[in-house]
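So the structure is just underneath, and the comments pick up after that.
Rule-based calculations on the coordinates, nothing more; no lab input. Keep in mind that what you see is a predicted model, and the values were worked out from it rather than measured. All Cβ positions, glycine included, derive from the backbone under ideal geometry; neighbour counts span all protein chains shown.
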Amino acid sequence: MHTKKLLSAACTAALALLATGAQAQISGNTVKIGVLTDMSGTYSDLAGPGAVLATQMAIEDFIAKEKPAFKVEMVSADHQNKADIASNKAREWFEREGVDTATELVTTSTALAVMKVAKEMNRVALMSGPASTPITNEQCNDVTVHYTYDTYALANGTAKAVTQQGGKNWFFLTADYAFGQSLEKDSSAVVVANGGKVVGSVRHPFPASDFSSFLLQAQASNAQIIGLANAGADTTNAIKQAAEFGITPKQQLAGLLMFISDVHSLGLKNAQGMYLTTGFYWDLNDETRAWSKRFFDKQRRMPTMVQAGQYSSVLHYLKAVKAAGSDEAPKVMAQMKKTPINDFFAKNGQIREDGRMIHDMYLVQVKKPDESKYPWDYYHVKQVIPAAEAFQPLALSRCPLVKK
Amino acid sequence: MEIFGVPSALFGSQLLIGLINGSFYAILSLGLAIIFGLLNIINFAHGAQYMMGAFVAWIALTKFGINYWVALLLSPILIGALGVVLERTMLRKLYKLDHLYGLLLTFGLALIFEGVFRDQYGISGQAYEVPDALKGGVNLGFMFMPIYRGWVVVAALAVCFGTWFMIEKTKLGAYLRAGTENPQIVQALGINVPLLITFTYGYGVALAAFAGVLAAPIYQVSPQMGANLIIVVFAVVVIGGMGSIMGSIVTGLGLGLIEGLTRVFYPEASAVVVFFIMVIVLLVRPAGLFGKAA
């Protein structure tokens with residue numbers, strides 16, 4: 001009896017090996033995707049549960065269309081915007097749970113921490129949420145992809161367009177931490193390069209709720225443009241209070257990082273007329289509308305660029321795993337970099353050697369309330385910024401991987 | 001003209017802004033001071049109750065079309081009633097224990113309340129319009145003063161001084177103060193002390209909700225709005241002297257002014273200046289500026 005059992009087990013094992021022969025290099029015959037995001041804090045509306053949903057959608061679509069011989073699983077966790085929590089979780093996933101890639105990672109500090117762990121453990125890190133440029137400059141490595149946007153592209157979109165349209169005098173309202181300072185620095189450079197002038201700036205504590213003092217300083221500067229180098233609730237509160245104090249529309253605001261979730265929460269009445277740069281708008285064409293409608297049916301909100309980018313990055317990753325026949329980081333990365341990205345999110349998108357995914361960005365203007373015809377009809381697309389112009393050129397890269 | 005290198009117009013406007021923010025601090029710290037002074041509970045849920053006050057106003061307007069003026073009354077009543085339920089079912093059991101138990105319980109409640117609202121409405125917040133009658137502003141010469149902000153100062157100060165008057169100058173206030181000093185004797189005089197205490201907690205909570213409704217047209221109505229404010233308000237209470245009614249009002253306004261000026265001269269420090277003052281006050285006068293040494 002005992003021998004019989006052993007024999008049948010051996011046969012099953014042999015059969016299983018034969019069946020999966022083609023994917024012999026995929027560990028455990030399972031690709032496991034970890035979504036590490038802000039599930040409950042400041043960024044949970046723009047990333048968070050919506051990013052988890054986008055990942056699920058990518059996995060379902062991949063399985064339905066590509067019919068892979070391997071299994072795909074997802075795990076998710078809340079990094080609470082803390083670098084130590086993020087890196088501990090990523091390590092646990094890589095070491096003990098067989099996770100192949102850590103994804104999303106909104107908040108620069110968590111992204112920088114996790115990409116180091118990924119490098120050490122030789123796994124892939126896919127970033128759809130964080131904004132700062134060091135990810136593909138000083139801190140870059142060969143297992144990280146920075147997918148959706150960065151502060152360079154934001155500055156290059158909004159600050160450039162506003163300056164070129166005659167907004168020459170700028171005053172910055174800046175969140176006093178790494179992200180705000182980097183956004184102010186990148187934007188100032190763009191303003192000056194386009195013939196504008198920065199007449200001053202004020203650094204506000206992060207987070208802040210009352211901006212009246214800072215706004216009055218911006219008002220006293222008589223600058224034409226008040227650049228908001230902050231994000232989330234800081235930006236929305238500043239915009240709301242600028243209207244209250246009669247600062248807008250005499251002076252114009254430029255939101256240097258705004259998501260559609262911010263515009264939604266402000267309402268068009270408060271946000272109208274503002275320019276912003278985005279990597280994705282749900283109402284761009286039939287393809288984006290079709291995907292966004294599926295997302296909306298489950299989430300009851302339209303996707304942000306982070307959530308759409310999350311779907312695209314995960315799908316691109318899974319296709320690369322299938323094509324490479326391996327879940328080993330170097331092979332998957334090589335495959336991802338050599339394959340152009342063509343889906344509803346990006347046309348001819350490409351991952352460069354510094355890990356930057358370059359794709360077209362969009363300069364949009366927020367509609368007036370009477371121009372909005374249906375729910376979430378928020379933007380006029382003013383300009384498509386071609387991939388090559390939107391992001392920092394490789395020639396300027398400070399990434400050690402880029403041969404000079 | 002310049003004052004310390006800052007144009008006088010900017011200086012004047014910052015003083016006014018400081019006064020406006022100070023009135024929020026005053027009304028919130030007043031609620032905390034009453035609850036601590038009369039119940040000995042450190043009400044960490046105060047920020048969440050302020051947030052819920054704002055949300056009730058927003059829900060009343062968007063779902064039921066109930067306007068700001070009604071909400072200004074309705075929201076404190078509803079949230080105050082919730083406070084009464086909390087006091088009857090939970091806080092009451094803690095009065096004989098250390099302060100810490102009350103603090104932990106109310107902290108837990110605050111997390112639960114914020115979690116529920118975040119789950120329902122997301123984190124980005126909701127916009128609440130300034131009521132029509134208070135739209136626009138007046139040019140004061142040195143600044144453009146939104147009428148609504150002026151109204152906030154008037155309403156907050158009226159409620160603060162009304163409360164102070166009730167506690168310090170009326171018979172009901174005398175019962176309250178006596179009831180907390182020596183409940184047995186007051187009870188023996190035929191006064192229902194537990195009911196008085198329940199009422200007090202409900203009133204303190206209602207003050208938080210009232211501040212929430214005042215805040216709704218200025219800030220985004222968001223689950224985190226209270227959490228961001230509560231630590232500063234606690235510092236105000238400590239500086240004023242835990243439990244001191246007048247102390248909380250005066251320090252609330254004063255610290256608002258100091259914070260406003262810091263934003264002109266050294267904006268980066270404006271988030272910590274209150275705590276800096278708290279440290280100094282605690283070193284010099286451990287019971288706070290208006291507190292009685294125990």
Original post:
What relative contact order, as a whole-number percentage, does chain B give when Cα pairs under 8 Å and 6 or more residues apart are counted?
Top reply: 38
Original post:
Under a Cβ-Cβ cut-off of 11 Å, what is the net charge of the residues other than A:Q139 that fall near it, where Lys and Arg count +1 and Asp and Glu count -1?
Top reply: +1
Original post:
Cα to Cα, under 22 Å, and not fewer than 8 places away if on the same chain: which lysines meet these conditions relative to A:K403?
Top reply: A:K116, A:K119, A:K331, A:K337, A:K338
Subject >> Kirkwood Rh, angstrom, region B:114-249 [1 / mean 1/r, Cα pairs] >> reply: 17.8
**OP:** Alpha carbons only, please: Rg and Dmax for region A:279-404, in angstrom.
**Re:** 16.8, 53
Original post:
Taking θ as phi - 60°, what are the ³J(HN,Hα) couplings along region A:215-226 by the Karplus curve (6.51, -1.76, 1.60), each to the nearest whole Hz, with x for Gly and Pro?
Top reply: 5, 5, 5, 4, 5, 5, 6, 6, 5, 6, 10, 9
Original post:
Where the only charges are on Cβ atoms (+1 Lys, Arg; -1 Asp, Glu), what is the dipole of chain B about its Cα centre, to the nearest 20 debye?
Top reply: 600
**OP:** Could you please report the charge total around A:G129, scoring K, R as +1 and D, E as -1 over all other residues with beta-carbon less than 9 angstrom from its beta-carbon?
**Re:** -2
Original post:
HN-Hα J couplings of region B:221-230 from phi, Karplus 6.51/-1.76/1.60, θ = phi - 60°, integer Hz, Gly and Pro as x?
Top reply: 6, 9, x, 9, 4, x, 4, 5, 9, 5
**OP:** Might you report the magnitude of the Cβ-based charge dipole of chain A about its Cα centre, with Lys and Arg at +1 and Asp and Glu at -1, to the nearest 20 debye?
**Re:** 600
Original post:
If we count trypsin sites (Lys or Arg not before Pro) as exposed when they sit in a DSSP loop and have at most 12 other beta carbons within 10 Å, what is the longest stretch of chain B that avoids them all?
Top reply: B:97-291
Original post:
By how many degrees, between 0 and 90 and to the nearest 10, does the Cα long axis of helix A:286-299 differ from the longest principal axis of chain A?
Top reply: 80
Original post:
When the Karplus curve 6.51 cos²θ - 1.76 cosθ + 1.60 is applied with θ = phi - 60°, which whole-Hz ³J(HN,Hα) does each residue of region A:176-186 get, with x for Gly and Pro?
Top reply: 7, 7, 3, 5, x, 5, 5, 5, 5, 5, 4
**OP:** Enter the Cα centre distance for the pair region A:358-373 and region B:49-80, rounded to the nearest angstrom.
**Re:** 33
Original post:
Taking Cα centroids, how far is region A:108-142 from region A:241-257 in Å?
Top reply: 35
Original post:
How many percent of all Cα-Cα pairs in the protein assembly as shown sit more than 36 Å apart?
Top reply: 47
**OP:** Averaged over every viewing direction, what's the projected area of the C-alpha convex hull for region A:160-250? Give it in nm², one decimal, please.
**Re:** 5.1
**OP:** Starting from the exponent 0.38 and prefactor 2.2 Å, build the expected Rg for chain A from its residue count and divide its actual Cα Rg by it.
**Re:** 1.05
**OP:** Sticking with the crude label model, points 7 Å out along Cα→Cβ, report the distance from B:Y95 to B:K292 in nm, one decimal please.
**Re:** 1.9
Original post:
Out of the DSSP beta bridges found with both residues in the protein assembly as shown, what percent are antiparallel (nearest 5)?
Top reply: 35
Original post:
Once you charge only the Cβ atoms, +1 for Lys and Arg and -1 for Asp and Glu, what is the size of the charge dipole of the protein assembly as shown about its Cα centre, to the nearest 20 debye?
Top reply: 480
Original post:
With the calculation restricted to Cα positions, what are the radius of gyration and Dmax of region A:326-367 in angstrom?
Top reply: 13.5, 47
Original post:
If you take the charge dipole of the protein assembly as shown about its Cα centre, with +1 on Lys and Arg Cβ and -1 on Asp and Glu Cβ, which of A:S187, B:G226, B:F290 is farthest toward its positive end?
Top reply: B:G226
